[in-house]
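To keep things clear, I will list the structure first and then write my remarks on it.
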Amino acid sequence: MRPELSKETPANQFIEYYWLKSELQQFCRSIGMSAAGSKEEISTRIGHFLDTGIKLKPARAARPKSVQPVTLSLDTVILEGHRCSQHVRTFFRSVIPNFHFSTFIQNYFRENIGKTYRDAIQAWHEEEIRKKDPSYERVISSQFEYNRFIRDYFNDPLNTGLSRSDAIAAWNEVKSKSGSNRYSRA
């Protein structure tokens, strides 16, 4: 049974259980610690606090401001701090009618400073082709434990024909116990 999160919760016990980001943020606010950042960042700060009693500030530096050109073109260079704004979406939709921002394209902008929008468009088309492959599996970031569990649950041939309710019940069982939240047949 998962313990209640309090100042007295041992750090090693805290890390053994699944917590919603909103629960972590509420705990941070209750002890006067910043609730800003990703779920992983908040968990790390809480673990440190429970272990040492020291309240760390968010480590994340402010995102660099990027000045986006007023007129966008295929030769527009991706700058550090690139923003996926409505202005950028409108440009990409003028070139790719079914364009949408995805985790893939957002990561592309973040990881390809100095490349052009032409390169981003090519990468977007390549990803669309990869997605049509039946063996294609999207990468699910580590903070989305529920999504990974549900996907892995339905990928298990033993669960063929089971419902989403069955998968959610299995998830609720796993997250209530200490240890890994990854799907396994056991």
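Could you check which residue among Lys57, Lys132, Lys175 shows the biggest mean-square fluctuation in a GNM of the chain with a 10 Å Cα cutoff? For the chain, modelled as a Gaussian network with Cα springs under 10 Å, the answer is Lys132. Here the 3J(HN,Hα) profile of region 47-52, calculated from phi with Karplus coefficients 6.51, -1.76 and 1.60 at θ = phi - 60°, is x, 5, 4, 5, 7, 10 Hz, Gly and Pro shown as x. Calculated FRET efficiency, Lys7 to Lys57, Cβ-Cβ distance, R0 = 25 Å: about 0.85 to the nearest 0.05.
With a 1.4 Å probe and every protein chain kept in, tell me what percent of the accessible surface of region 106-157 is carbon plus sulfur. Don't jump to the answer; show the numbers that get you there.
On the way: 1690 of 3400 Å².
Result for region 106-157: 50 percent of the exposed heavy-atom area is carbon or sulfur.
How many Å² of accessible area per residue for the chain, probe 1.4 Å? Could the numbers behind the result be given before it?
Working: 11980 Å² over 186 residues.
That works out to 64 Å² per residue.
Peptides 139-145, 4-10 ranked from most to least packed give 139-145, 4-10, packing being the mean of other C-beta atoms within 10 angstrom over each peptide's residues.
Tell me, what % of the accessible area of region 19-63 is carbon and sulfur with a 1.4 angstrom probe?
Details: 1430 of 2700 Å².
Here carbon and sulfur together make up 53 percent of the probe-accessible area.
Taking amide hydrogens as placed 1.01 Å from N in the peptide plane, the amide H of Thr116 sits under 5 Å from those of Ile78, each at least 5 positions away in sequence or on another chain. Across region 61-186, C-alpha contacts under 8 Å between residues 6 or more apart give a mean separation that, scaled by the residue count, equals a relative contact order of 19 percent.
Which of the residue pairs Lys39/Lys132; Lys57/Lys131; Lys7/Lys177; Lys21/Lys115 have a Cα-Cα distance greater than 28 Å in the structure shown?
Details: Lys39/Lys132 31 Å; Lys57/Lys131 39 Å; Lys7/Lys177 20 Å; Lys21/Lys115 34 Å.
Where the Cα-Cα span goes over 28 Å, the pairs concerned are Lys39/Lys132; Lys57/Lys131; Lys21/Lys115.
So how many Å³ per residue does the convex hull of the Cα atoms of region 1-65 work out to? Show your work: numbers first, answer last.
Working: hull volume 5.5 nm³, N = 65.
For region 1-65, the hull spanned by Cα atoms encloses 85 Å³ per residue.
Over region 15-60, Cα pairs under 8 Å with separation of 6+ residues give a relative contact order of 31 percent. Given in Å, the Rg to one decimal and the Dmax to the nearest whole number for the Cα atoms of region 49-154 are 17.9, 54.
The values are calculated or read from the model by the stated rules, or taken from the named source; none is laboratory data. On a predicted model such as this, the values are computed, not experimentally measured, just so you know. In this analysis, Cβ positions are derived from the backbone assuming ideal geometry, glycine residues included, and neighbour counts consider all displayed protein chains. Ligands, DNA and RNA are stripped out before the accessible areas are found, and what is left, the full protein with its side chains, is counted by its heavy atoms. Shrake-Rupley method; radii C 1.70, N 1.55, O 1.52, S 1.80 Å.
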